[in-house]
């Protein structure tokens, strides 16, 4: 049986895939696969691994041999699930692999925003400290997070871990209620109410048709002018044009993003403009500690092994 990893390069240089190659499969690894290359790279495979390469309806229909797609991430927005289900393709994902890593970046963002951390670092690099008449300079606001309110959108494993650390820092936590009504969260509030009351608002929900541009002009307008928004989940949940406008007009105090709608972004992406005030931007690194990447490969191996044994696990679709 043949297997292919269409965008193995997303795991970074030097990453070993020995753990996968020990499976009884004939493997091919591609650093990346452009949309027009996916069919060619996958046409002989029964099992395909993808991190972010998109398996659209058209691509899935062009791959009659394909029986399993294993997404090496939690979000499965890169796969047309309806088309996969129609084709009797099992789709599996990897969950709970980066709870510590994502929480680490979320809290880093929160504290960096609260302390105007990078603004001070940049000023020191420019020589501003050396020119001061006092032992320090206080050109930017510094806020203590203790006693502040953190709003959380997405209360799965990641959201709950962020809550645990925020509470340890002395913060009050508000959670956005689940729209589906399934598995209600005790004490959860509406999105609008959480936005109004939060000093920091962090996003940990998947990108779905329901969450696309969920945080737009109207929602940003509900936030305090002193509030910050953090997104370490998926680009597309925040309306990026609305965010640029809110930052430029000082409608919110700042933002920190690890994700954008299109990755990598085009050079003229509006959020890359260095003149935008109080914006921190990192290149989708929240998932990618060395420990988390190893865990992904271990769970992926287990997913594939379970499929080969006829007992698929971590399924997001099931065969008809």
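The values are calculated or read from the model by the stated rules, or taken from the named source; none is laboratory data. All values derive from a computational prediction rather than experimental measurement. Glycine gets a Cβ as well: all are built from the backbone with ideal geometry, and neighbour counts include every protein chain shown.
Observations, loosely collected:
- Filtering the range 24-52 to residues that are in a loop (DSSP other than H, G, I, E, B) and surrounded by 15 or more Cβ atoms within 10 Å (Cβ to Cβ) leaves 25, 30, 33, 45, 46, 51, 52.
- Hits in the range 216-264 - residues which are closer than 30 Å to residue 289 by Cβ and surrounded by fewer than 17 Cβ atoms within 10 Å (Cβ to Cβ): 262, 263, 264
- In summary, residue 182 fulfils each of the numbered conditions (1) farther than 9 Å from residue 152 by Cα; (2) modelled with pLDDT of 95 or more with the single exception of condition (2).
- The single condition among (1) farther than 30 Å from residue 207 by Cβ; (2) surrounded by 18 or more Cβ atoms within 10 Å (Cβ to Cβ); (3) in contact with a strand residue (DSSP E or B) (Cβ under 8 Å, 6 or more places away or on another chain) that residue 147 does not satisfy is (2).
- Screening residue 287 against (1) in a loop (DSSP other than H, G, I, E, B); (2) touching a helix residue (DSSP H, G or I) at 6+ places or on another chain (Cβ under 7 Å); (3) under 23 Å from residue 54 (Cβ atoms); (4) at pLDDT 95 or above leaves a single unmet condition, (4).
- Which numbered condition residue 151 misses (of (1) closer than 27 Å to residue 316 by Cα; (2) without any contact (Cβ under 8 Å) to a residue 60 or more places away in the chain; (3) in contact with a helix residue (DSSP H, G or I) (Cβ under 8 Å, 6 or more places away or on another chain)): (1)
- Pairs where the first residue, in the range 245-273, is touching a residue at least 60 places away in the same chain (Cβ under 8 Å) and at negative phi and the second is in a loop (DSSP other than H, G, I, E, B) and surrounded by fewer than 17 Cβ atoms within 10 Å (Cβ to Cβ), C-beta under 6 Å, 6+ apart: 253/226; 258/282
- Residue match in the range 53-70 (condition: closer than 26 Å to residue 152 by Cβ, at pLDDT 95 or above and surrounded by 15 or more Cβ atoms within 10 Å (Cβ to Cβ)): no
- Subset of the range 265-280 (residues that are surrounded by 17 or more Cβ atoms within 10 Å (Cβ to Cβ) and under 23 Å from residue 207 (Cα atoms)): 271, 279, 280
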